[in-house]
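These notes are about the structure you will find just below.
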Amino acid sequence: MAKDQRSFLRRNLLTILTVIGVVGGSVTGIILRNALGKWNKRDTMYLAFPGEIFLRMLKCLIIPLLMSSVIHAIGSLDLSLSRKIAFRSIFYYSATTVSAVILGMILVVTIRPGVGVKPMEASNEKYVTREVLTQDTLLDLIRNVFPPNIVQACVSQSQTYLIKPENASLPSNQTNHTIVKNLETWSFEERYESTTNVLGLVTFAIIFGIALGKLGERSKPLLDFFEAASEAMMIITNWVIWLSPLGVYFLVTAKVMEIESFLDLIGRLGLYFTTVLLGLAIHGFGTLSLIYFIAVRRLPFNVIAELSQVLVTAFGTASSSATMPITIQTMDKMGLDPRVTRFVIPIGATINMDGTALYEAVAAIFIAQLRDKPLTFGKTVAVCVTATAASIGAAGIPQAGLVTMVMVLDTVGLPSEDVINIIAVDWLLDRFRTTINVMCDCLGAKLVDILSAGELGDPVTSVDRVNAEPQELVELKHDSRI
């Protein structure tokens, strides 16, 4: 028994330490807040500094790991198999995202968390500074799929900005519908925001991988290069991952110190907060489990249990992109084919945002209820479609959903400033919805791996390669079909 306990602790030590980091950070933040009061932004910045360094390390791994992994995974597969894996992945992600939005709509219309609650008055602080049209956001999404400069895509992505005409006097509660009526007096320009265009990089990597696959034997030196780069990045990930308990501890502590008021969590926004959490829980452990069971005739709870390290890290960092290196490493250790994980996980971290889609649908209807603005069936369907599109366009970074909320609020005919009504609890809900996003990515990779097992053969996993001795590695590479 003692030996089994030691073995369990050895296998799950990192997960246990990370959970301790999350719980310890929450407790420390509450104690410091009660003892010393709310800290100013500079003091909080000092407190969050170790966590910020950890987050920077993870983000630094994203581009080299993403590009090398996707190119090698696609280049190693024949074209017909690539199409099958891509079709299964996209079909799964589409089904889960649509089901998440529908579930959120049903819950918010049934529970009605905004009825009888007084909306907050608009403040001078602008949480969303960019005027935007829904059609511009959708066009920007397509533009970013095809970046004009692949190097530029590593550091920026395209966004359309509407420019207000000089000396124009427009009402402060202006909505996007008002902008449409004045488009002849408004100008627009394309700007590049300082954030990685992951969608464009994934698209380029997929196309480049397909091209290498068509080259046959001539592509082998280049595929070997990307394979070695991918495995080297996984080794670095293994080093960084052991810093996650400490990094998560400081990130959570600093966030708790930034809370404006705990009363908002349990008072005015309590029912809204509960509605979103209930929707995420039902989707994560109900809808996703049902889809997984229908597809592979197995329950996913053992798989979810093995994802504890990934889910805790996703909660602590609130970023599916930053969690991606750890997600891929965990999938490798679970025995999934590396060609599947390196294709499905990056795509999932880019376009699959179930938790964000559910949250944005609930938030839009909640704000409409606050304003006592009844919605027709057509507008409800429009919110469903827009929330789905907005979730795809949301970056895999903390609180990116607040930016895409603009186009969803536009669908309801509400000003963007109304996000002030949910800002107090968004930071915490962001962590829960990111956790569900990452869980969906992992279950999707497992599902596709099971469905593709007969076609993929039995290649050596990357974790075998990383742990092998030099001579063993030579033998593994000789036997591998990759």
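The values are calculated or read from the model by the stated rules, or taken from the named source; none is laboratory data. Predicted model, so just to flag it, every value in this text is computed and none were measured. Heads up, the Cβs are rebuilt from the backbone with ideal geometry, glycines too, and the neighbour counts pull from every protein chain shown.
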field: Per-region count, the range 56-81, residues surrounded by fewer than 23 Cβ atoms within 10 Å (Cβ to Cβ) and either of a type in the set (Phe, Trp, Tyr) or modelled with pLDDT of 85 or more (or both)
entry: 7
message: Filter the range 339-360 down to the residues that are in contact with a Pro (Cβ under 8 Å, 6 or more places away or on another chain) and either surrounded by fewer than 24 Cβ atoms within 10 Å (Cβ to Cβ) or among the β-branched types (Val, Ile, Thr) (or both) and list them by number.
response: none
query: Hey, Ile106 hits all of (1) under 18 Å from Ala364 (Cβ atoms); (2) surrounded by 15 or more Cβ atoms within 10 Å (Cβ to Cβ); (3) modelled with pLDDT of 85 or more but one; which does it fall short on?
result: (2)
- prompt: How many residues, within the range 5-32, are exposed (fewer than 15 other Cβ atoms within 10 Å of the Cβ) and at pLDDT 85 or above?
  reply: 4
message: Checking Ala211 against (1) at pLDDT 85 or above; (2) more than 30 Å from Tyr292 (Cβ to Cβ); (3) of a type outside the set (S, T, N, Q); (4) touching a Ser or Thr at 6+ places or on another chain (Cβ under 6 Å), only one condition comes out false. Which one?
response: (4)
message: If I filter the range 265-319 down to residues being over 18 Å from the mean Cα position of the chain (by Cα) and not in a helix (DSSP H, G or I), which single residue comes out as surrounded by the most Cβ atoms within 10 Å (Cβ to Cβ)?
response: Leu269
query: Hey, does the range 352-372 have a residue that's free of Cβ contacts under 8 Å to residues at least 24 places away in the same chain and not hydroxyl-bearing (Ser, Thr, Tyr)?
result: yes
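Is there a residue in the range 439-453 that is outside any helix (DSSP H, G or I), at pLDDT 80 or above and out of contact with any Ser or Thr (no Cβ under 7 Å at 6 or more places or on another chain)? Even if it seems obvious, please write down each step before you answer.
Filtering the range 439-453 down to residues outside any helix (DSSP H, G or I) leaves 452.
Now restrict to residues that are at pLDDT 80 or above: 452.
Of the ones still in play, those that are also out of contact with any Ser or Thr (no Cβ under 7 Å at 6 or more places or on another chain) are 452.
Yes, there is a match, as at least one residue in the range 439-453 is outside any helix (DSSP H, G or I), at pLDDT 80 or above and out of contact with any Ser or Thr (no Cβ under 7 Å at 6 or more places or on another chain).
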Single residue of Ala2, Ala35, Ala95 found to be of a type in the set (Gly, Ala, Ser), at pLDDT 80 or above and surrounded by fewer than 18 Cβ atoms within 10 Å (Cβ to Cβ): Ala95
- request: Please determine, by comparing only the residues of the range 338-378 that are of a type in the set (S, T, N, Q) and part of a loop (DSSP other than H, G, I, E, B), which one is modelled with the lowest pLDDT.
  value: Thr376
statement: Looking across the range 137-169 at residues that are modelled with pLDDT under 75 and exposed (fewer than 13 other Cβ atoms within 10 Å of the Cβ), the single one that is nearest to Val385 (Cα to Cα) is Ile163
